[in-house]
Amino acid sequence: MTVSATRASEAGQPAGHEDARNGEEFRRAESRTAHNYHPLPVVVAHAEGAWMTNVDGSRYLDLLAGYSALNFGHSHPRLLAAAHAQLDKLTLTSRAFVHDQFADFTEKLADLCGKDLVLPMNTGAEAVETAIKVARKWGYQVKGVEADQANIVVANGNFHGRTTTIVGFSDDPDARDDFGPFAPGFTNVPYGDLAAVEAAIDDNTVAVLVEPIQGEGGVVLPPEGFLRGLRELCTRTNVLFMADEIQAGLGRTGKTFACDHEDVVPDVYVLGKALGGGVVPVSAIVADREVLGVLKPGQHGSTFGGNALACAIGSEVVDMLAGGEFQTRATELGEILEARLQAMVGHGVLRVRVRGLWAGVDIDPTVGTGREVCERLMARGVLAKDTHGSTIRLAPPLVISAEDLSWGLDQLEAVVAGH
Ligand SMILES: *Cc1c(COP(=O)(O)O)cnc(C)c1O
C-alpha cells in the first residue's frame, strides 16, 4: 500500500473528532456500554492491511494490530479466503462430534510447536486457565504433589487475561482490586529474576507460568539468558515451564515464538491472539503427551473451542507462519523501528525496548501522558495505544510496508518533539 493523499493528517485538520458521523457514532457507542475501555474517538468501518478507515472515510495507520491479534494485518486475502470457504460448508459441530478441519489444524499446530498434542480453546484467558488446570492435574498425577497443594510461580507485572483466577495473581491494582476473593496457589516473583524463581520453587510447585516478553507490561524484555536459565531450572526441579506466547508468539518478534530467541522449548506453549488471524478467537495450549495426556473425557472442554471455522482459519495461520516470511518481515522492519525509535531517545522519549516489530516506548512526562501522545498521533492519522500511563506499545501489522512504517514513525517523532 502506498502513502495516500486521503490520509487524515493531510486534510489539514484533526480527524475523528471533526468527522460528523464518526463523532455521532462514537457518542452512541459509548452511551450504551460499560466503560471498561477508554477508546480513542475513532469509529472504524473498514480496514485493509495496516490501514483502517473510519465511518466518514478518514484513514488511519494501525500501529496496534489488535494487540498482535492482527499480525497478518486486516483482511488478509489468504485468511479471508479460508474463512469464506469454510463458512459455506460447516462452522460448528461441538466436540461431541469430529469435523473435517480438526485433524489438519491440530497436526499442523503441533508440528509448528514440535509437540505431540493440541488443546484448542477460544480466548487467551481460557488457554491460560487450561494451562493452569493441566499443570495442577499433572502435578497430582505425574509429579505426585499432595492433594490441593499445587502451586504455580508467576511474575510481577504479568498479564495473562481477565478471569477471576488470573487477575488474582496480577499485581496491577486496576486489574485486581475489588474482584476478590482470589484463588490460592500462586507465588509472585520479580520478572526476569531467576534466583527468585528458584527460591519460590518447592516440592509442591507444578509450573512456572511466564510471558517470554511482557506485552501488556510495556514490551518488557527479560535479561539475556533468563529463558535458558528458566528452562534448565524447570527441568532440574521437575516443574513445567509454561510460556504464555499469546502476544509475543506467532511471528511478532521475528521468530515463530519469543522463546526461540534463546533456543528454548517450554513444556507448554500457550497461544492465542494471532492464531485466529484477527478473524475469530482461537487459542490453544500445545504440549507433549505426558503433560496434556492427563486430561480424560469430561474433565475440560469448551462449546466453541476447536470449531470448524476456527480450525480452518487457524490452519491457514499456521501455514502462513510455516513459510517464515512474516518472521523475516518482523526482523527486517524491526530494524527500521529500532533505529528510528533509538533516535528519539532524548527527544521526548526516555527509553525504548524493541524485539522484532514490537516496541515499548517510554514517553518523557514533560511531553504528555501516553494517552495524550496517542490522541495527538490520532490527529495525525496514526492509531496506537498507551499502557501503564507513560508507555506507548507499538505492534504494527507484520504486513505493513517500510514506507508506511516510516511515515507512522515520522508522526511519532513529531509528536514527541512537541510539534
Ligand atoms: C491478551 C493476552 C492474554 C489474554 O487473551 P484474551 O484473548 O484477551 O483472553 C493472555 N496473555 C497474554 C500474554 C496476552 O497478551
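The values are calculated or read from the model by the stated rules, or taken from the named source; none is laboratory data. Remember, it's a predicted structure, so these values are computed and weren't measured experimentally. All Cβ positions, glycine included, derive from the backbone under ideal geometry; neighbour counts span all protein chains shown. Remember, those area values only see protein heavy atoms, side chains included, never the ligands or the DNA or RNA. Shrake-Rupley method; radii C 1.70, N 1.55, O 1.52, S 1.80 Å.
Here are some notes:
- Tilt relative to the chain, helix 325-344 - C-alpha long axis, 0 to 90 degrees, to 10: 60 degrees
- Rounded to the nearest Hz, the phi-derived 3J(HN,Hα) couplings of the stretch 73-86 under the Karplus curve 6.51 cos²θ - 1.76 cosθ + 1.60 (θ = phi - 60°) are x, 7, 6, 4, x, 5, 6, 5, 5, 4, 5, 4, 4, 6, where x marks glycine and proline.
- Taking Cα atoms only, the orientation of helix 308-322 departs from the longest principal axis of the chain by about 80 degrees.
- Solvent-accessible surface of the chain, taken per residue with a 1.4 Å probe and all protein chains present: 42 Å².
- Between the stretch 89-105 and the stretch 371-394, the alpha-carbon center distance in angstrom: 41 Å
- Under 22 Å of direct C-alpha separation, and excluding same-chain neighbours fewer than eight residues apart, LYS133 reaches these lysines: LYS115, LYS143, LYS273, LYS296.
- In the stretch 59-129, trypsin sites (Lys or Arg not before Pro) in a DSSP loop with at most 14 other beta-carbon atoms within 10 Å: LYS89
- Calculated on alpha-carbon atoms, Rg and Dmax of the chain in Å: 21.5, 67
- Accessible surface ranking that places the most exposed of GLU375, GLU216, GLU146 first, with a 1.4 angstrom probe: GLU146, GLU375, GLU216
- The length gained on full extension between ASP202 and ASN188, counted as 0.36 nm times the residue separation minus their Cα-Cα distance, comes to 3.7 nm.
- Note on HIS74: accessible area approximately 30 square angstrom, rounded to 10, probe 1.4 Å, nucleic acids and ligands left out.
- Heavy-atom accessible surface of the chain: percent carbon and sulfur, 1.4 Å: 51 percent
- Largest to smallest in accessible area, the residues HIS419, HIS160 fall in the order HIS419, HIS160 (1.4 Å probe, all protein chains included).
- Low-density loop cleavage sites - chymotrypsin sites (Phe, Trp or Tyr not before Pro) in the stretch 92-178, where at most 10 other Cβ are within 10 Å (DSSP): PHE97
- Among residues other than GLN247 with Cβ under 10 Å from its Cβ, the summed charge is -1 (Lys and Arg +1, Asp and Glu -1).
- Comparing Cα centroids, the stretch 27-43 and the stretch 260-281 end up 30 angstrom apart.
- Neighbour net charge for GLU126 - beta-carbon separation under 12 angstrom, K R +1, D E -1: +1
- Net charge, GLY161 excluded, C-beta distance under 13 Å - Lys, Arg +1, Asp, Glu -1: -3
- Taking the DSSP bridge list for the chain and keeping only pairs wholly inside it, about 60 percent are antiparallel.
- In the assembled protein chains, MET52 presents an accessible area of approximately 30 Å² (probe radius 1.4 Å).
- Structural size metrics of the stretch 77-322, computed from C-alpha coordinates, are Rg and Dmax of 17.5, 54 Å.
- Simple spin-label estimate for ARG289 and HIS347 gives 5.8 nm between the two label positions (7 Å along the Cα-to-Cβ direction from each Cα).
- Alpha-carbon centroids, the stretch 311-353 and the stretch 56-72: separation in whole Å: 14 Å
- Ordered by 1.4 Å accessible area with all protein chains kept, VAL220, VAL382 run largest first as VAL220, VAL382.
- Cα→Cβ-extended label distance, 7 Å offset, between GLU335 and SER401, nm: 2.1 nm
- FRET efficiency for the THR235 to THR163 pair, using the beta carbon distance and R₀ = 22 Å, is estimated at 0.15.
- Cα-projected label distance for ALA34 with HIS84, points at 7 Å along beta-carbon direction, nm: 3.7 nm
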